[in-house]
């Protein structure tokens, strides 16, 4: 069977893209392995109409709505290889063989590479976060830490006083210069230069190398990211470099440098939130449909 579109990734961006195509009565295959980036978080925030809902509930509701459309097929599997043929694309999965389509949408997401500090991974998505808009409000103007991963962590440090009393842990990554220190002072940010040894306790308390303990209600950090899937590289898509890592370069309609291959969600934008992923999915879905129309019309 030749599908109109194969969507790789059935999280927020992929579901949103699929919905546009399903409503255009296109034959769509969604291939999804079930590893959402925000699977560690108990609640999701900032997405209109779903604020405070569990991420898995948002995905389950979206999938149920998408699967009401008879032209959509869902395969729970990992996509491991993609190649471009003369007039279509072939996708190979780990357990279900190969599938063919006229277009491909990569909603494959990214993997967060967290600082290697004891106790941090266990609190990721619970007391350690990357997005203040997603999780800052729930800290109730409490004690907030920023764990530096690069000089770009200044951005976090200057933002977070709007959500609580903020301490920047430079952790040997960088030393604020005179201008930066003045900015931090004006924002009321405390700078802590001692190395961070571990996180412990029910929240995100920090033990420093000199033995001091600083109690926190939450900690923010800016992890590096990498592609969660090799498909974009296999297909020859171009990448751009963002503040946290590379992402797939796309046009206004979310087409990559490879005609017929589209990308959306965290894999194709230098930011990450449910609301952004859903919006980018709409653009990718409608953009993909537009190129199918043009191809049929001979334009």
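Select from segment 201-218 the residues that are surrounded by 17 or more Cβ atoms within 10 Å (Cβ to Cβ) and either closer than 20 Å to residue 126 by Cα or touching a residue at least 60 places away in the same chain (Cβ under 8 Å) (or both) and list them in ascending order.
Once the filter is applied, which keeps residues that are surrounded by 17 or more Cβ atoms within 10 Å (Cβ to Cβ) and either closer than 20 Å to residue 126 by Cα or touching a residue at least 60 places away in the same chain (Cβ under 8 Å) (or both), segment 201-218 yields 203, 204, 205, 206, 207, 214, 216, 217, 218.
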### Query
Just checking, which of 61, 84 is more than 17 Å from residue 285 (Cα to Cα) and either loosely packed, with under 15 Cβ neighbours inside 10 Å or outside the structural domain of residue 231 (by TED's automatic domain parsing) (or both)?
61
### Message
Taking the criterion of being touching a helix residue (DSSP H, G or I) at 6+ places or on another chain (Cβ under 9 Å), more than 30 Å from residue 289 (Cα to Cα), touching a residue at least 12 places away in the same chain (Cβ under 8 Å) and assigned to a strand (DSSP E or B), would at least one residue in segment 121-131 satisfy it?
### Response
yes
### Message
Checking the structure you have, find out if any residue of segment 154-167 is in contact (Cβ under 8 Å) with a residue 12 or more places away in the chain, touching a strand residue (DSSP E or B) at 6+ places or on another chain (Cβ under 8 Å), more than 30 Å from residue 106 (Cβ to Cβ) and assigned to a loop (DSSP other than H, G, I, E, B).
### Response
yes
### Query
Which condition number in (1) at pLDDT 95 or above; (2) in a loop (DSSP other than H, G, I, E, B); (3) within 18 Å of the chain's Cα centre (by Cα) is the one that residue 15 fails?
(2)
### Query
Scanning for something at pLDDT 95 or above and touching a helix residue (DSSP H, G or I) at 6+ places or on another chain (Cβ under 8 Å), does segment 197-207 turn up at least one residue?
yes
### Summary
Scanning segment 27-43 residue by residue, those at pLDDT 95 or above and either over 14 Å from residue 74 (Cα atoms) or in contact with a helix residue (DSSP H, G or I) (Cβ under 6 Å, 6 or more places away or on another chain) (or both) turn out to be 28, 30
## Note on the structure
Filter segment 255-285 for residues that are touching a residue at least 60 places away in the same chain (Cβ under 8 Å) and assigned to a loop (DSSP other than H, G, I, E, B); the one that is surrounded by the fewest Cβ atoms within 10 Å (Cβ to Cβ) is 258
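The values are calculated or read from the model by the stated rules, or taken from the named source; none is laboratory data. Nothing here was measured: the structure is a model prediction, and the numbers come from that model. So basically every Cβ, Gly included, is an ideal-geometry build from the backbone, and we count neighbours across all protein chains shown.
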